[in-house]
Amino acid sequence: MKYNELNVVKNTTPKRVGRGISAGQGKTAGRGTKGQKSRTGHRKMRAGFMGGQRAIMQAVPKLKGFRSIHDKAEVVYTDVLNTLKGNVDNYTLAEKNLITSPFVRVKVIVRGELTSKINLKTQFASKTAIEMIKKAGGSFTKTPTPKRPKNKNN
């Protein structure tokens, strides 16, 4: 017989609380004495209710506008790409310290002139940057952000 083949039958009966002192859960029936949580209906209090005190959600000021949950893309300018040649991706840009990490989103934006022929593989590029890269004899390919490798320790 294996552990996963065992047929376990629940044989416990619910506790009968509030049936007298000798029953073990009499008088206050495990709710303590006094207070809102000792009364019936206390489970129907809404989340964040603080006993009539002004709730934390009401006390915190609300900011106007919209804040995105996505990280902003790191910007690389076209004049900086003149130092690179051949295939350029997030790993190449990270090696040259143009971005903080190869696992961030990258956007290429026009600034200055681009003379070197590169095959760019990043997440974003402006239309004018793509035109400039093609004019220099290179190409642009949109690729997803590289994922971090999983740790073997976890």
Of the listed residues (Lys121, Lys107), the one being modelled with pLDDT of 90 or more, of a type in the set (Lys, Arg), farther than 30 Å from Arg31 by Cβ and more than 24 Å from the chain's Cα centre (by Cα) is Lys121
For the range 82-96, does any single residue satisfy the condition of being assigned to a strand (DSSP E or B), more than 22 Å from the chain's Cα centre (by Cα) and surrounded by 12 or more Cβ atoms within 10 Å (Cβ to Cβ)?
yes
Ala55 passes all but one of (1) surrounded by 14 or more Cβ atoms within 10 Å (Cβ to Cβ); (2) farther than 30 Å from Lys150 by Cα; (3) at pLDDT 90 or above; which number fails?
(3)
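For every residue, the table says whether it meets (1) charged (D, E, K, R); (2) touching a Gly at 6+ places or on another chain (Cβ under 9 Å); (3) assigned to a loop (DSSP other than H, G, I, E, B); (4) modelled with pLDDT of 95 or more.
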site: Leu63; (1), (2), (3), (4): no, no, yes, no
site: Lys72; (1), (2), (3), (4): yes, no, yes, no
site: Leu114; (1), (2), (3), (4): no, yes, yes, no
site: Lys147; (1), (2), (3), (4): yes, no, yes, no
site: Asn151; (1), (2), (3), (4): no, no, yes, no
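Please go through the range 43-52 and pick out each residue that is part of a loop (DSSP other than H, G, I, E, B) and surrounded by 10 or more Cβ atoms within 10 Å (Cβ to Cβ). Don't jump to the end; show me each part of the working.
Of the residues in the range 43-52, the ones part of a loop (DSSP other than H, G, I, E, B) are 45-49, 51-52.
Correct list: Met45, Phe49.
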Quick one: what pairs do we get from the range 84-96, first residue closer than 15 Å to Lys147 by Cα, second of a type in the set (Ser, Thr, Tyr) and crowded, with 17+ Cβ neighbours inside 10 Å, C-beta under 9 Å, 6+ apart or different chains?
Asp89/Thr122; Asn90/Thr122
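Name the one entry in Thr40, Thr28 that is surrounded by fewer than 10 Cβ atoms within 10 Å (Cβ to Cβ), part of a loop (DSSP other than H, G, I, E, B) and among the β-branched types (Val, Ile, Thr). Even if it seems obvious, please write down each step before you answer.
Details: Thr28 fails: surrounded by fewer than 10 Cβ atoms within 10 Å (Cβ to Cβ).
One residue alone meets the criteria, Thr40.
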Failed item, numbered, when Lys142 is tested on (1) touching a residue at least 12 places away in the same chain (Cβ under 8 Å); (2) surrounded by 12 or more Cβ atoms within 10 Å (Cβ to Cβ)
(2)
Quick one: in the range 1-21, of everything that is on the phi < 0 side of the Ramachandran plot and surrounded by 10 or more Cβ atoms within 10 Å (Cβ to Cβ), which residue is farthest from the chain's Cα centre (by Cα)?
Arg19
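The values are calculated or read from the model by the stated rules, or taken from the named source; none is laboratory data. It should be emphasised that the depicted structure is a prediction, and the values quoted were computed from it without experimental measurement. Cβ: placed from backbone, ideal geometry, glycine included. Neighbour counts: every protein chain shown.
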